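A quick write-up on the structure given underneath.
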Amino acid sequence: MKHIKIGLIGLGTVGAGVAKILFEKKELISSRLGACLDLVCAVDLDESKKQALSPGETVFSKDPDKVLEDPDIDIIVEMIGGTGVAGDFILRAIESGKHVVTANKALLADRGRMILARAAEKGVDVGFEASAGGCMPIVKTIRESMVGNEIEGIAGILNGTCNYILSRMWRDRIGFDEALKDAMEKGFAEADPSLDISGEDSAHKLAILTQLAHGVDVKPGDIYVEGIEKIEPIDIAFAEEFGFRIKLMAISKRRGDAIEARVHPAMIPVTNLLARVEDNLNAVTLSGDATGDILLYGYGAGMMPTASVVAGDIADIARNMLSGASGRTPFFSCETKDSQNAFIMPIKDIRTHHYIRISALDRPGVLSRVAGALGDHHISIRTVHQKGRRSNGAVPVVMLTHKAKESDMKAALSGMKDMAVVDGDPVLIRIEENA
């Protein structure tokens, strides 16, 4: 039986999970693959991470060159993350003719096209299934299963931390800060959760998926991003009253020659399967012209779910090696040389339904003035709701609108903010009824 040698860089949470699978499932994988995957070196600068390896294993090293410069290693697994040294290691591996597996979404979103183009030139494979959806096989689905489709849209929940926080706020009627604290205590949020709650993590993943789906060059900076920090329990309650749930949505749609790509909180109907995705789970709907909607659902992060997908990438590359078919599947939805730059629609040109909440003084004529501000910008009101009086004399007034252009909505809200009868900033949440 052929032996394929693996070098692992990074023994953090996911890296430790990869080592665990390669050691404990070695016989199972060999029986399915027809080859033996041998983890011959595992590198981490922190010697305490050695305990992640099976007792008696002697493959640990603190020196990355033990992996990068070993001519006998066939596949390098990068599990350190970040856009700095990890990128250097991956490029060194590619230049030396080694195949690579990574879950590094930030690096691939920022420098992926260059890295993958170089890999194609060198005739090596790069597996990155775990970079965009944890254990969901979304990369394989787009690149292989949907090859006969024009992919019309992607809509999904791509961050488990945000989904857990919003689930707790809905289920227990608690505020954002309390839900975030709970997420951190349970290990669903990092010590610094800013990348997650700001929406940036979802934007990295959406950039990768948009490139895969449409063969266009999209960077995270091209994507409109809005986090969940400003969502309040009152908005969660109103959403439920109207038959919606609030989720942090990552949305990519083709609009003729343009691409719509955005990440922000949105209200989606409770009848939509995405609305029922709870806690730290993720889900994505892919819409193809031949398939219709396909829903993928699973853990978007975590030690073993992510490690399982990394092991799957290693096995795919091993199969390509066994058949002499490296580079069999284009990295994107088309050959790299045929990919194109995309016009990303600015958020001001997007048209959606909207939820607006203002705190208005309880006086005659206030509603007519607010409605007038919307009408002045060609925005039609679908429904208006007013709740009980507050102690300061202001009441929450909520309006749902018909579809309106984002730039018109922002102009109308700016006018409302300047009204003496409106207390504080208006709250805006987009409604995605067909997500």
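Data for the structure
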{"item": "Nearby lysines by direct alpha-carbon distance to LYS2 (threshold 30 angstrom, same-chain neighbours under 8 apart not counted)", "result": "LYS20, LYS25, LYS26, LYS49, LYS50, LYS62, LYS66, LYS98, LYS122, LYS140"}
{"item": "Positive-end residue of PHE89, PHE60, GLY34, charge dipole of the range 2-127 with Cβ unit charges", "result": "GLY34"}
{"item": "Highest to lowest packing among 157-169, 291-303, 412-424, scored as the average C-beta count within 10 Å", "result": "157-169, 291-303, 412-424"}
{"item": "Under 5 Å, built H, 5+ apart or other chain: amide partners of HIS354", "result": "THR401, ILE431"}
{"item": "√(5λ) per eigenvalue of the Cα gyration tensor, the range 2-127, largest first, Å", "result": "23, 18, 13"}
{"item": "Burial order of peptide ranges 229-242, 98-111 (average beta-carbon count within 10 Å, highest first)", "result": "98-111, 229-242"}
{"item": "Percentage, to the nearest whole number, of Cα pairs in the chain over 36 Å apart", "result": "33 percent"}
{"item": "Leading residue at positive end of dipole, the chain (Cβ point charges), from MET79, PRO193, GLN51", "result": "PRO193"}
{"item": "Cα-Cα over 25 Å, subset of LYS105/LYS403; LYS105/LYS410; LYS247/LYS348", "result": "LYS105/LYS403; LYS105/LYS410"}
{"item": "Dipole moment magnitude, nearest 20 debye, the range 2-127 about Cα centre, only Lys, Arg, Asp, Glu C-beta charged", "result": "400 debye"}
{"item": "Alpha-carbon centroid distance for the pair the range 180-211 / the range 59-122, whole angstrom", "result": "24 Å"}
{"item": "Dipole magnitude of the range 379-435 about its Cα centre (Cβ charges: Lys, Arg +1; Asp, Glu -1), debye to nearest 20", "result": "180 debye"}
{"item": "Rounded if a/c under 1.5, otherwise prolate or oblate - the range 34-190, Cα gyration tensor axes", "result": "oblate"}
{"item": "Accessible surface of the chain, 1.4 Å probe, proportion on carbon and sulfur as whole %", "result": "48 percent"}
{"item": "Per-residue ³J(HN,Hα) for the range 428-434, Karplus 6.51 cos²θ - 1.76 cosθ + 1.60, θ = phi - 60°, Hz, x for Gly and Pro", "result": "10, 10, 6, 10, 10, 6, 10"}
{"item": "Cα gyration tensor shape of the range 200-285, rounded if a/c is under 1.5, else prolate or oblate by comparing a/b with b/c", "result": "prolate"}
{"item": "Charge dipole of the chain about the Cα centre (unit charges at C-beta), most positive-ward option of SER359, ALA311, GLY424", "result": "SER359"}
{"item": "Relative contact order [Cα under 8 Å, 6+ residues apart], the range 2-127, whole percent", "result": "25 percent"}
{"item": "Cα-centre dipole for the chain with unit charges at Cβ (Lys and Arg positive, Asp and Glu negative), debye to 20", "result": "920 debye"}
{"item": "Surface per residue (accessible, 1.4 Å probe) for the chain, Å²", "result": "42 Å²"}
{"item": "Per-residue HN-Hα couplings for the range 378-383 [Karplus 6.51, -1.76, 1.60; θ = phi - 60°; Hz; x = Gly/Pro]", "result": "6, 10, 9, 7, 8, 7"}
{"item": "Kyte-Doolittle at least 0.5, axis length at least 18 Å by Cα - qualifying DSSP helices, the chain", "result": "303-323"}
{"item": "Sequence ranges 16-26, 41-51, 377-387, ranked by mean other-Cβ count within 10 angstrom, highest first", "result": "16-26, 41-51, 377-387"}
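The values are calculated or read from the model by the stated rules, or taken from the named source; none is laboratory data. Owing to the predicted nature of the structure, the values given are computational and were not obtained by experimental measurement. Neighbour counts run over all protein chains shown; Cβ positions are idealised from the backbone, glycine included. We work out accessible area using only protein heavy atoms, side chains counted, and drop any ligands, DNA or RNA first. Shrake-Rupley method; radii C 1.70, N 1.55, O 1.52, S 1.80 Å.
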